[in-house]
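What follows is one structure encoded as structure tokens, with my remarks underneath.
The values are calculated or read from the model by the stated rules, or taken from the named source; none is laboratory data. Worth saying up front: this structure is predicted, and the values here are computed from it rather than measured. Every residue, glycine among them, receives a Cβ derived from its backbone with ideal geometry; neighbour counts consider all protein chains shown. Please note that ligands, DNA and RNA were not included when accessible areas were found on the heavy atoms of the full protein model with its side chains. Shrake-Rupley method; radii C 1.70, N 1.55, O 1.52, S 1.80 Å.
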Amino acid sequence: MIELRSDTLTQPTPAMREAIANAVVGDEQKREDPTVLELERRAAELLGQEEAVFLPTATMANEIALRIQSEPGDLLLAEEHSHVLIAEQGGPAVHAGLLVRPLPGYAGRITAEQIRAAMTDPRSGHEPRTRLVSVENTHNSAGGRVWSLAELDSVVAAARELELRVHLDGARVFNAAGALGVPAAEIGRRADTVTLCLSKGLGCPLGALVAGGAELMLKARRAKHLFGGAMRQAGIVAAAGVYALEHHVDRLAEDHARARRLAEGLVDAGLELDVDAVETNFVQLNVAPFGLTKAEALERLKEAGVGLSSTVHPTKLRAVTHLDVSDEDIERAIELIPRALGVLVRA
Ligand SMILES: Cc1ncc(COP(=O)(O)O)c(C=O)c1O
């Protein structure tokens, strides 16, 4: 099976397993786990923030970030298909009591004008207080799309002017940084809080961080405990993170090149897709021209030995490259995908 469903499906490499086996650990809840502390220090630096807090998942990181920067009844602005709005079970409402205004995006991005237009009157005795903007980079549902620094600057400037906090869901921020050719800190330092996921392109079995200023991170540590996320000998897992930050960041460029090659190969084989939209490790593929539903196409692809997955788009599937996908896998996928879809056209 060529596994292109998600970059969350990687297996820890032998070297990562060795780092895990050799981890020096302590009681993380007491801040006595040296490996967790080391991971938090490195992540904060790489994300251009003062401090970072180690967490089990990026969902928890996002939810904590939103909670510590808002009061119940406040309004959160975010792109309508962002992960915080569509894939965290209403977490912003449940954990932070936030009202949400979903904004239609372009390639996962929203604009300063949209933020200004959505802004409530802070002096009103009736309207909810607009408090937070959440941006996602890279944007998952849009197909791993990247914000340019200019677009990000414009949104952050509007947020500052309107006294709104900015959360960056940077679960894949290293992919974004690689695509832009800038250090991740260039992106991360622009936001008040940043989520980084270790278990996507970075290839860890689990783990995430939320980063921000020291005062906010004090609140984040309290929220982590409240959410039941304060752990014990968590250095066992953090060791994978330290390893990944050293060895798996630069190699994300290989995933991006493979996604691009896949897209180009599929276009050469006659499939309709937008190669220019392949900015990182996602390829989105429209199955409507084959007269197939997404479920039918997925089934056919699975039978052919290629795992793709669904997107929020009614007729688009996605292929995601990662650590466990080789050049040979991509060449084989370029043969198998059109054949699997073409067989159905003739059926
Ligand atoms: C952009 C983004 N943010 C957050 C998450 C949440 O990560 P996890 O499922 O590991 O909590 C994901 C997972 O796919 C994601 O794509």
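Things to note:
- Ordering of 257-269, 303-315 by packing is 257-269, 303-315, highest average first (other Cβ atoms within 10 Å, averaged per residue).
- Equivalent ellipsoid semi-axes - Cα gyration tensor, segment 207-347, angstrom: 38, 18, 14
- The chain: angle of helix 235-247 to the longest principal axis, Cα-based, in degrees nearest 10: 60
- Residue order by solvent-accessible surface for H95, H225, H256 is H225, H95, H256, largest first, with ligands and nucleic acids left out and a 1.4 Å probe.
- Per residue solvent-accessible surface (Å²) - segment 101-143, probe of 1.4 Å: 48
- Diagonalising the gyration tensor over the Cα atoms of segment 1-140 and scaling each eigenvalue by 5 before taking the square root yields semi-axes of 34, 20, 13 Å, largest first.
- Exposure of L164 as accessible area (Å², to 10), given a probe of 1.4 Å and all protein chains: 0
- Rounded to the nearest 10 square angstrom, F174 shows an accessible area of 20 square angstrom against a 1.4 Å probe.
- Per-residue ellipticity at 222 nm computed for the chain from its helices equals -13000 deg cm²/dmol, with DSSP H segments shorter than 4 residues left out and the rest contributing -39,500 (n - 2.57).
- Rg over Rh for segment 13-65 works out to 1.01, both radii taken from alpha-carbon positions and Rh defined as the Kirkwood radius.
- In segment 248-334, a dipole from Cβ-located charges (positive for Lys and Arg, negative for Asp and Glu) runs towards its positive end, and of V275, V325, F290 it is F290 whose Cα lies farthest in that direction.
- Calculated P(r) of segment 171-276 - Cα pairs past 22 Å, %: 46
- With the convex hull drawn over the C-alpha atoms of the chain, the volume per residue is 128 Å³.
- The chain, dipole about Cα centre (Lys/Arg Cβ +1, Asp/Glu Cβ -1), debye to the nearest 20: 680
- Of the listed residues T111, T10, the order by accessible area with a 1.4 Å probe, largest first, is T111, T10.
- Only protein heavy atoms count here; on that basis, with a 1.4 Å probe, M1 has an accessible area of about 140 Å².
- About its Cα centre, the dipole of segment 167-258 is roughly 360 debye, where the only charges are +1 on Lys and Arg Cβ and -1 on Asp and Glu Cβ.
- Angle of helix 214-226 to the longest C-alpha principal axis of the chain, folded into 0 to 90 degrees and rounded to 10: 70°.
- Its Cα gyration tensor gives segment 245-311 an equivalent ellipsoid. The semi-axes, each the square root of 5 times an eigenvalue, are 25, 15, 10 Å from largest down.
- Taking Cα atoms only, the orientation of helix 252-268 departs from the longest principal axis of the chain by about 40 degrees.
- Relative compactness, segment 83-214, computed as alpha-carbon Rg over 2.2 N^0.38 Å: 1.05
- Accessible surface, 1.4 Å probe, highest first, among residues E279, E40, E246: E246, E279, E40
- Accessible carbon and sulfur surface of segment 123-245 relative to its total accessible area, %, 1.4 Å: 52
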